[in-house]
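FYI, it's all coordinate maths here, none of it is from the lab. No experiment lies behind these values; they were computed from the predicted model shown. Glycine gets a Cβ as well: all are built from the backbone with ideal geometry, and neighbour counts include every protein chain shown.
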Amino acid sequence: MEFASEKKQELLSKIARSDRHGEHSLYFDGWKAYDKNPFHPTQNPDGVIQMGLAENQLCFDLIEEWIKNNPTASICTSEGVGKFKDVANFQDYHGLLEFRQAVAKFMGMVRRGKAAFDPDRIVMSGGATGASETLMFCLADPGDAFLVPSPYYPAFNRDIRWRTGVQIIPVECHSSNNFHVTLAQMESAYTKAIEANINVKGVILTNPSNPLGITLSRETLTSLLSFTSRNNLHMVCDEIYSASVFNSPAFTSISEVMQETECNPDLVHIIYSLSKDMGLPGLRVGIIYSYNDQVVNCARKMSSFGLVSSQSQHLLASMLSDEVFIEKFLEQSSRRLAKRHSRFVKGLEQDRIHCLEGNAGLFLWMDLRHLMKESTFDAEMKLWRVILEDVKLNVSPGSSFHCPEPGFFRVCFANMDDHTVEVALKRIREFVSKGNENGDDKKLLQKKHRQNLNLRLSFTSRKCDEGLMSPHQRMSPHSPVPHSPLVRART
Amino acid sequence: MSSISSNRKPVLSQIATNDGHAEKCSYFDGWKAYDRDPFHPTQNPNGVIQMGLAEHQLCFDLVREWLVNNPEAFICTEEGVDKFRDIAIFQDYHGLPEFRNAVAKFMGRVRGDKVRFEPDRIVMSGGATGAHELITFCLADRGDSFLVPTPYYPGFDRDLCWRTGVRLLPVVCHSSNNFKVTRKALEDAYAKAVEANIRVKGLLITNPSNPLGTILDRDTLRELVSFINEKNIHLVCDEIYAATVFRQPNFVSISEIIEEDQACNLDLVHIIYSLSKDMGFPGFRVGIVYSYNDAVVECGRKMSSFGLVSSQTQYLIASILSDDQFIGNFLLESSERLATRHKVFTHGLRQVGIKCLNSNAGLFLWMDLRGLLRESTVEAETDLWRVIINDVKLNVSPGSSFHCSEPGWFRVCIANMNEETMKVALTRIGEFVLRNGNKLVRKEKCWQNNLRLSFSFRRMDDVVRMPCIMSPHSPIPQSPLVQART
C-alpha cells in the first residue's frame with residue numbers, strides 16, 4: 001500500500017509534490033473554522049467573523065450605480081451587445097488599447113498626477129498573483145533570490161517561489177522602529193546573502209505595506225532605489241494598495257522617486273491590480289508595469305498564460321476612463337476607509353489594545369504581546385486559537401507574515417458592514433475583560449501599559465460625522481470545500 | 001541610462017532571454033504582412049486575407065440573440081446588477097459552482113452524453129494556453145519530455161516548454177497513412193528518448209487534431225491508452241475542438257475509452273479543454289484542466305490562482321451553458337455551418353486541382369500543395385509560402401511551423417471569415433493555380449478559361465453574413481502567438 005502511494009506520488013512533478021504552495025501552514029485552521037461556522041447577523045450571530053480577508057467592500061454602491069448608468073460598458077446589455085463579437089474574439093496579448101489607456105490614466109490619477117504611465121508598458125496578468133510570478137520568471141533563474149522586508153504578504157511564498165524556484169530572503173523589520181525597513185537592514189541582509197554565495201537579483205517592496213498598513217517614506221524609497229541601482233539589483237514595487245491610502249502621509253510611488261533619483265530605469269518594475277483599490281478581485285486584473293523594454297516584451301508574451309478576460313477589459317476600460325466617476329470613487333473610498341479605520345482603532349484602544357499607526361491598506365497591525373504569557377511563537381499560536389475558537393474572530397497571526405517578533409496580528413476591517421464591526425469590537429471587549437478578571441493577565445496588562453511603548457494610537461477623525469450604510473457582510477463563498485487562505489487568489 | 005556602475009551579471013533570467021517563446025520562427029512574416037495590409041471587402045479589397053487564425057466566427061448571431069433575450073443572466077444589466085458585488089469579490093480558486101456545473105454538463109453534452117463529467121474535477125486556467133502549462137508543471141520536471149505526434153499546434157512549444165523547462169519529442173506521422181499515429185511511431189519515439197537518456201513523462205494528443213482536422217478512431221485511442229499504461233506515462237488529451245466535429249464519424253473522447261477500459265490507470269489521464277474554439281470565445285480566456293488524478297486536481301487548482309477565469313465571465317458562461325435548449329440548438333447549427341463552410345472550400349479547391357486531407361472537424365483544412373513545390377524541401381515550402389503571402393495575399397500557415405515531417409502542406413483556416421471573403425480567397429487561389437498550373441502534379445486537370453466556382457449550399461439562406469475581423473486593436477506588429485492561441 002505504501003509502495004503504491006509512493007509510486008503514485010512519483011507520477012507528479014517535484015513542483016507538484018513540494019510544499020511551496022504554502023497551504024499547509026497552521027493558519028489554514030482559521031479558514032476551516034470560518035467555513036464551518038460563518039457569521040451572519042441574523043442567521044448565525046455567534047458564528048466566526050471573517051477578519052483575515054483583505055477586501056475592500058465599502059464602495060460597491062458607487063460601482064453598482066455606475067454600472068446601471070453605463071449600460072454600454074457591458075457587452076451583454078442590449079445597448080452594448082453590438083460589441084459582443086469583437087470583444088469575445090479579442091485575444092491579442094497586447095490587450096484592448098482602450099483598456100491599457102484607461103489603466104494608465106487611472107494609475108496616474110491615483111498618484112495625483114505626479115507620475116504619468118505609458119499605455120504601451122501596461123502588461124496584463126492573472127491578478128497580482130500572476131503578475132508577481134511572471135515578473136520573477138523574467139528577472140530570475142531558479143536558485144536566485146529576492147530580498148523582501150518582513151513581515152510580508154504570506155502568498156509571496158507561493159507567487160515568488162513555487163514554480164519559479166526563486167528564493168525569498170526576509171529582511172527582518174522590528175517593532176522598535178515601527179517595522180520601518182531601513183537601508184542599513186537591507187544592506188546587511190544583502191551582504192549576508194552574498195557571503196552565503198546566494199545570487200541576489202533584487203528587492204521586492206510592498207508599498208503601502210501588507211500587513212502593516214503604512215506607506216513608505218520618500219526618503220526610504222530614495223535610499224532603497226539608490227541601493228538597488230548601485231548594486232545592479234531589480235527594484236520590484238507592489239503598489240496594489242496605492243489607492244487605499246486614507247490618511248497622511250500621502251502615498252509616494254516609486255514612479256515619482258525615480259524622477260528625482262539617479263537610478264537605472266531598466267531595473268524598476270511595478271506590480272499592480274484592481275483587486276484592492278477598486279474592490280474587484282474576482283475580475284483578475286493584474287498589471288505588470290516595467291521601465292525595462294525587454295521585460296515588457298517578455299512579460300507580454302508570458303501574459304498569454306493569464307490574460308484578463310476581454311469582457312472585463314471592456315468593462316474596466318469604460319469605468320476607469322470615466323474621470324469624474326473615478327475622482328469621486330477615490331475620494332469616497334479614502335473617506336470610508338478612514339472612518340472604518342478610526343472606528344476600529346478607537347474601539348480597540350478602549351480595551352487598551354494598540355495598533356501600529358497606519359494610514360493605508362485594508363487592515364490593522366494589532367499588538368497583542370501583552371496578552372501572551374511568554375514572548376514566543378508558540379504563545380502566539382495559542383493566543384490565536386483562543387481568538388479563533390472562543391472569541392470567534394478569524395484574524396491572521398503575525399507568524400504567517402514571517403514577522404520576526406511574536407504577538408502581532410493582522411485584522412482586516414474593510415470586508416464587513418458597520419454592524420459586524422460593532423459585533424467584532426464587542427467580542428474583543430468581552431474577551432479582554434474576561435482576561436482582566438484573571439489576575440495574571442491583569443498584571444501583564446498593567447506592566448505593558450506602564451512601559452514606554454512606541455506604538456501609538458492613531459485617531460483619524462477627519463470625517464467622523466459621515467454616516468455610512470453598507471450591505472451586510474458577505475456570507476461564506478460559494479463552495480462546500482474547506483478552504484485555505486490561499487483559496488482566495490490573494491488575501 | 002545613468003552613470004551608476006553595473007557589475008556584469010546578467011540582468012534578466014535565462015527564460016527571458018532565450019527563444020522559448022517560439023515567436024522567432026519565419027512565419028511571423030505572414031502576420032506582419034497581414035497587419036500591414038489587412039483585407040477589407042470595400043476599404044481594402046486587395047489586402048491580405050487572414051487564414052492563419054483558427055477562430056470560430058460563424059455563430060455569433062445565435063449568441064447575440066440569446067444575450068438580448070436573457071438580461072437577468074448578467075451582472076452588468078439592470079436586471080442582474082444586484083449580483084454584481086458577490087461576483088466581483090468572488091476569487092475562490094474552486095470557481096463558481098454554477099460555472100463548474102455548467103461546464104461539466106456542456107462537456108458531457110458535446111460528447112453526446114455518453115460520459116458524465118464531475119464538476120469537482122473542473123479546474124480553471126488562463127485559456128488552453130494556461131491549461132497546458134499548468135498540467136505540465138504538475139506532471140513533469142525540468143528536462144523531462146512529452147511525446148507529441150506531428151504535425152502539431154505550434155503554440156505547444158511555448159505552452160509546454162518555455163517556462164517549465166520540459167521538452168517536446170516528436171512522434172512522426174506520415175501522409176502515407178493520412179498522418180495517423182501508429183504504435184510503431186510511438187515506440188520508436190519512446191526508444192529514441194530512452195537512448196538519449198531523456199525521461200518521458202507523457203504523451204500529448206490533440207483530438208480532434210490541429211492542424212489536420214481529423215479525429216482519432218476508437219482503435220487508435222485504445223492503442224494510445226495501452227501504450228501509456230505499459231510505459232506508465234501520462235496521457236494528456238487536448239479536446240479543444242471537440243464540438244467542431246461536423247460530420248461522421250462521430251467524435252470519440254478519451255473519457256469514453258477509459259470508461260470501458262478497466263485496466264487503465266486513471267491517474268494517468270487528463271483532458272485539456274477551452275471555450276475558445278467550440279463557442280468562439282477566445283477573448284474570455286476560459287481554459288479547463290480536467291484530470292482523473294485527484295492529486296493533480298488538487299495541485300492544479302492551487303496553481304490556477306495564476307490564471308483564474310474572471311468571475312464576471314464565469315457567471316456569463318454559467319448562464320449560457322446552462323440553457324439546455326439554446327446549447328442543443330447552438331451545437332447543431334455550429335456543426336451545420338462548419339460542414340457547409342468546409343464543403344464549399346474543399347469543393348472550390350478541388351475544382352482547381354488542390355486536394356486537402358479528408359477531415360471532419362476543426363476550423364481549418366490541411367491543404368496539399370506538394371505538387372507546387374519546386375523540390376521536396378522545407379526551403380521550397382517556405383518559398384512557396386512567401387509567394388502565397390506576398391502575391392496571392394493569403395496568410396496561410398506552412399506545415400513546417402507545425403513540425404510536419406513532409407514539406408508542402410499548409411493549414412488554411414476557414415471559419416474566421418464571412419462568405420464574401422471566402423469567395424475572394426477561393427478566387428485568388430484559383431487564379432494562382434492557373435498561373436502556376438503546369439507545375440501541378442495531379443490526376444485530373446480542371447482547366448477553365450472562365451473560372452467559376454460553384455458553391456452548393458445546403459441552406460443558402462442560412463449562410464451568415466458577418467464582417468471580416470480587422471486587425472486586432474494594436475498598431476504593434478504581431479506574431480501569430482499574439483493571439484493567445486491560433
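A few comments on the model shown:
- Partners for A:Lys201 among aspartates and glutamates (Cα-Cα distance below 12 Å; same-chain residues under 8 apart left out): A:Asp141, A:Asp144
- Each Lys or Arg adds one and each Asp or Glu takes one away; over the other residues whose Cβ falls under 9 Å from the Cβ of A:Met109, this sums to +1.
- Taking every C-alpha pair closer than 8 Å and separated by at least 6 residues, the mean separation divided by the residue count of chain A gives a relative contact order of 23 percent.
- Each principal axis of the Cα cloud of region A:1-136 was evaluated for its coordinate range; sorted largest first, these ranges are 59, 45, 39 Å.
- Fully extended contour minus Cα-Cα distance, from A:Glu323 to A:Arg352, at 0.36 nm per residue: 6.2 nm
- Cut-off under 5 Å, modelled amide H: who pairs with B:Val48 long-range: B:Asp37, B:Phe39
- In sequence order, region A:257-265 has phi-based couplings of 4, 4, 6, 10, 10, 5, 7, 9, x Hz under the Karplus curve 6.51 cos²θ - 1.76 cosθ + 1.60, θ = phi - 60°, and Gly or Pro positions carry x.
- Exposure proxy order (Cβ contacts within 10 Å, fewest to most) of A:Trp365, B:Trp66: B:Trp66, A:Trp365
- Each residue, A:Lys434 and A:Thr72, gets one label point 7 Å from its Cα in the Cβ direction; the gap between the two is 5.9 nm.
- Shape category assigned to region A:103-175 from the gyration tensor of Cα positions, a/c cut at 1.5: oblate
- Cut-off 17 Å, label 7 Å out along Cα→Cβ of A:Gln332, residues of region A:48-63 by amide N: A:56-63
- In order through region A:281-288: 3J(HN,Hα) via Karplus (6.51 cos²θ - 1.76 cosθ + 1.60), integer Hz, x for Gly, Pro: x, x, 7, 6, 9, x, 10, 10
- Computed FRET value (nearest 0.05) for B:Ala263 with B:Lys180, which takes r as the C-beta separation and R₀ as 35 Å: 0.90
- Sites B:Lys192 and B:Glu72, calculated FRET efficiency, Cβ-Cβ separation with R0 51 Å, nearest 0.05: 0.35
- Listed cross-link partners A:Lys32/A:Lys382; A:Lys114/A:Lys301; A:Lys32/B:Lys302; B:Lys114/B:Lys277 are compared with a 24 Å cut-off, the Cα-Cα value being larger for A:Lys114/A:Lys301.
- Spin-label model distance (nm) - B:Glu65 vs B:Glu420, 7 Å beyond Cα toward Cβ: 2.2 nm
- The protein assembly as shown: C-alpha gyration tensor shape, a/c 1.5 cut-off, then a/b vs b/c: prolate
- In this structure, the amide hydrogen of A:Val171, modeled 1.01 Å from its nitrogen in the peptide plane, lies closer than 5 angstrom to those of A:Val148, A:Ser150, counting only residues at least 5 positions away or on a different chain.
- Residue-span extension gain [A:Lys14 to A:Ser248] - 0.36 nm each, minus C-alpha spacing: 79.6 nm
- Per-pair calculated FRET efficiency, R0 = 30 Å: A:Lys114 and A:His40 via Cβ, rounded to 0.05: 0.10
- Mean residue ellipticity at 222 nm, helices only, chain A: -12000 deg cm²/dmol; runs of at least 4 DSSP H residues each add -39,500 (n - 2.57), and the sum is divided by the number of residues.
- Volume per residue of the convex hull around the Cα atoms, evaluated for chain B, comes out as 186 Å³.
- Point-to-point label distance, B:Asp37-B:Gln325, nm (Cα→Cβ direction, 7 Å offset): 5.1 nm
- Span from the region B:326-348 Cα centroid across to the region A:357-410 one, whole angstrom: 62 Å
- Dimensionless Rg ratio for region A:62-325, taking C-alpha atoms and the 2.2 N^0.38 Å reference: 1.02
- Cα point-scatterer Debye curve for chain A, base-10 log of I(q)/I(0) at q = 0.09 Å⁻¹: -0.63
- Reachable aspartates and glutamates from B:Lys423, criterion Cα separation under 20 angstrom, eight or more residues apart if same chain: B:Asp37, B:Glu55, B:Glu336, B:Asp368, B:Asp391, B:Glu431, B:Asp461, B:Asp462
- Of A:Lys276/A:Lys392; A:Lys68/A:Lys328; A:Lys83/B:Lys343; A:Lys339/B:Lys83; A:Lys85/B:Lys355, pairs whose Cα-Cα distance is over 22 Å: A:Lys276/A:Lys392; A:Lys83/B:Lys343; A:Lys339/B:Lys83; A:Lys85/B:Lys355
- Taking 0.36 nm per residue of sequence separation and removing the Cα-Cα distance, the A:Glu422/A:Ala379 pair yields an extension gain of 12.7 nm.
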